[in-house]
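Engineer: Structure provided below as structure tokens; questions to follow.
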Amino acid sequence: MDSILLLIKEGEFEDAELDDYSFSCYSQLEVDGTQHLLTCAFDDPDVNSTNLEFEICGALLNVKCLTFDKLQEMYFIKTKKFLLIGDSEIHVKLGGKNITSKKLNIVEIVKPEAPFDIRVIYRKGANDFLVTFNTSHSQKKYVKELMHEVAYRQEKNENDWMHVNLSSTKLTLLQRKLQPDAMYEIKVRSIPNANYFQGFWSEWSPTFHFRTPEITGRMDPVLLTISILSFFSVALMVILACALWKKRIKPIVWPSLPDHKKTLEQLCKKPKKNLNVSFNPESFLDCQIHKVDGIQARDEAESFLQDTSSQLDESEKRRLGGGMQGPTWPSEHAAITPKAFREDLPFGCLAGSISMCEALVQSSSRSPDCREGGKNGPHVYQGLLLGPGTTNSTVPTPSPFQSGILTLSPTAQGQPVLTSLGSSQEEAYVTMSSFYQNQ
Amino acid sequence: MPFAGNPSPRAGTEKVSFRYIFGIPPLILVLLPVTSSDCDIEGKDGREYQHVLMISINDLDTMIKNRTNCPNNEPKVFKKHACDDNKEGVFLYRAARKLKQFVKVNNSEDFNLHLSRVSQGTLQLLNCTPKEDNKSVKEQRKQKSLCSLGILLQKIKTCWNKILRGSKEH
């Protein structure tokens, strides 16, 4: 009977040996305080593990062997009694008898705990993303040094993971290496650093999702303001340069020759500031100008000058002839006293206009017979006073001194004029007239 | 009649035989431990010590300091055995066996486990001759105070550092 039972049992063992009882184990150190966990499972999930037991012997503290606990298809042992030095043996037993054994070292099959609390923070100033995560192994005594692997991808791109290995718990991802305005997911796992403890990758951490910002054309507000102000400043300077080129800039950069008429006006202005000096006949519109018959004036001048020593040139006579046209004389209402005349103006005008510079003033001041020369004297002002627009106008008879125009004595006037301007009075008048009309 | 001044040849041979039989072997036995080989140390690269043993030694040291206030004088028994040159293995072997004496029931589980880990782990890394086992047993029974344990742990630590320094130099 005993021999029959023995044969049956041996048959059972033969059937059991045909199955593949290969198994794998991993250890987790300090998983619960100071307690370690060793987990084993058959590689073939179809193995009937009903009566199978796992046992570990060797490299244990104060005991020789320990038996595994079973949870569904997994065999595990939770203990503090791992020596962590040297090899151990794992036995698979059926009914107390060894089916298979495996020699392993607890410190070489370590599986770390999965990292957690992974976060991604966008740093606008640095244009990058700071990835941080945490691991429970930073607080452990034995398995402290780990190697981490961060994997990230764009959500729409499946199986297109990017991997980064690091030993610390911080990682920086550059913004320019990521797609703008895209959704990304990121996860991390760990493995022992292979210094003494070795093993397998941990489980992946929970995935974290983050969105990359859009690339906008907005510039920094300060920079934008400065750019706009600079643009407008430059534009304003260009406009001002174009507008003031002729009047202000060009005279300084490329000064033009001074205008003789304006220069003369300025010179005449200096002694008498309240005088209106101008070559423009429109300045004298409010003055009463008595026009003198050009031929009569010339005859009178010639007769007056018959006794003079100086002679007029032919060109000056022609000029005088041209200048005789269109003279206008101040009206009867315009009056000027000899005193005023001597001191101020050689011409009569309510406004006190003067069309002759100081040479004429000097000549007129020397004339003692201003009144007498008023009628007979030549109308010396015609060429000086009048513009080209005044022609064919009648020349009124000069009025007496008090009430009319004071005309200078030709003699007295002519000589200084001729002295200052040329050889004769007529010549001087011609010169001034032609000077004016030849503008 | 035998001559008094001349001993018989048979009597001299017997004296020489007894000398060789009963004199020299004990002498050899006494001298043998001195000339015997030292313990071989396997963990000279220091990985096991740095990642496992040193952690338990530091934890034990912390627990002892929290529990006792020890004097500075060193017990005499420790003065006999030192981590001398070429004797580091022997010292560690003896020290590891002494640690077992400190395992007590009234200690905490973690305390006893750390003691066992240092003792057993050190012995695992040493390959000593059986003679060392018999010799140190009597001495191990004497010292059981925590202060002695603290001193012993420091000596073990010092000796390991010496071994590792020596292996780095070589």
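The values are calculated or read from the model by the stated rules, or taken from the named source; none is laboratory data. As the structure is a prediction and not an experimental result, all values here were calculated from the model. Because the Cβ atoms are built from the backbone with ideal geometry, glycine has one as well, and the counts that use them run over all protein chains shown. Accessible surface is based on the protein model in full, side chains and every heavy atom, while ligands, DNA and RNA are left aside. Shrake-Rupley method; radii C 1.70, N 1.55, O 1.52, S 1.80 Å.
Engineer: Leaving ligands, DNA and RNA out of it, report the carbon-plus-sulfur percent of the accessible area of the range A:116-212 at a 1.4 Å probe.
Structural biologist: Here carbon and sulfur together make up 45 percent of the probe-accessible area.
Engineer: Provide the FRET efficiency to the nearest 0.05 for the A:M147-B:S108 pair, computing r from the beta carbons and using R0 = 30 Å.
Structural biologist: So, using R0 = 30 Å, E works out to roughly 0.30.
Engineer: Under a 1.4 angstrom probe, counting protein chains only, how are A:T67, A:T169 ranked by accessible area, largest first? All intermediate terms of the calculation are to be shown ahead of the outcome.
Structural biologist: Numbers: A:T67 80, A:T169 55 Å².
Output order, biggest surface exposure first: A:T67, A:T169.
Engineer: Say each of A:Y26 and A:S233 gets a label point 7 Å from the Cα, pointing the same way as Cα to Cβ; how far apart are those two points in nm?
Structural biologist: The answer from the label model is 6.6 nm.
Engineer: Oh, and also: Arrange the residues A:Y152, A:Y26 by how much accessible surface each exposes, largest first, with a 1.4 angstrom probe.
Structural biologist: A:Y26, A:Y152
Engineer: Could you check the simple spin-label distance between A:L264 and A:K124, using points 7 Å along Cα→Cβ, in nm with one decimal?
Structural biologist: Simple spin-label model gives 7.4 nm for this pair.
Engineer: Using a 1.4 angstrom probe with every protein chain in place, what is the largest-first accessible-area order of A:H91, A:H260?
Structural biologist: Numbers: A:H91 25, A:H260 100 Å².
From most accessible down to least: A:H260, A:H91.
Engineer: Compute the FRET efficiency between A:E73 and A:K97 as 1/(1 + (r/R0)^6), taking r as their Cβ-Cβ distance and R0 = 25 Å, and round to the nearest 0.05.
Structural biologist: 0.75
Engineer: Using a 1.4 Å probe on protein heavy atoms, which residues of the range A:49-75 have at least 50 Å² less accessible area in the complex than alone?
Structural biologist: A:L61, A:N62
Engineer: Let me ask something else. Which entries in A:K64/A:K93; A:K81/B:K155; B:K100/B:K155 show an alpha-carbon gap greater than 18 Å?
Structural biologist: A:K81/B:K155
Engineer: So what does A:H148 come to for accessible area, using a 1.4 Å probe and Å² rounded to 10?
Structural biologist: 10 Å²
Engineer: Near B:D59, within a Cβ-to-Cβ distance under 14 Å, what is the net charge of the other residues, with Lys and Arg +1 and Asp and Glu -1?
Structural biologist: Net of charged neighbours comes to +3.
Engineer: Same structure, new question: Subtract the Cα-Cα distance of A:N105 and A:M162 from 0.36 nm times their separation in residues, and report this length gain in nm to one decimal.
Structural biologist: My answer for the length gained is 17.2 nm.
Engineer: Could you compute how much accessible surface B:M63 exposes when probed at 1.4 Å, giving the result in Å² to the nearest 10?
Structural biologist: Surface open to solvent at B:M63 totals about 50 Å².
Engineer: Does the range A:116-212 come out rounded, prolate or oblate by the C-alpha gyration tensor, with a ≥ b ≥ c the root eigenvalues, rounded set by a/c under 1.5 and, if not, prolate when a/b is larger than b/c and oblate if not?
Structural biologist: Here the range A:116-212 falls in the prolate category.
Engineer: Excluding ligands and nucleic acids, what accessible area in Å² is computed for A:R153 using a 1.4 Å probe, to the nearest 10?
Structural biologist: 40 Å²
Engineer: Am I reading the A/B interface right? What is its buried accessible area, both sides, 1.4 Å probe, to the nearest 100 Å²?
Structural biologist: Approximately 1600 Å² gets buried when A meets B.
Engineer: Hey, another quick one. Once the Cβ-Cβ distance between A:I226 and A:M183 is put in as r, and R0 is 30 Å, what FRET efficiency do you end up with, to the nearest 0.05?
Structural biologist: The calculated FRET efficiency here is 0.25.
Engineer: Next up: Can you list the GluC sites (Glu not before Pro) in the range A:54-92 that are in a DSSP coil and have 15 or fewer other beta carbons within 10 angstrom? List each step's numbers first, then the result.
Structural biologist: Values: sites: A:E55, A:E73, A:E89; in loops: A:E73.
Listed in order of number, the matching sites are A:E73.
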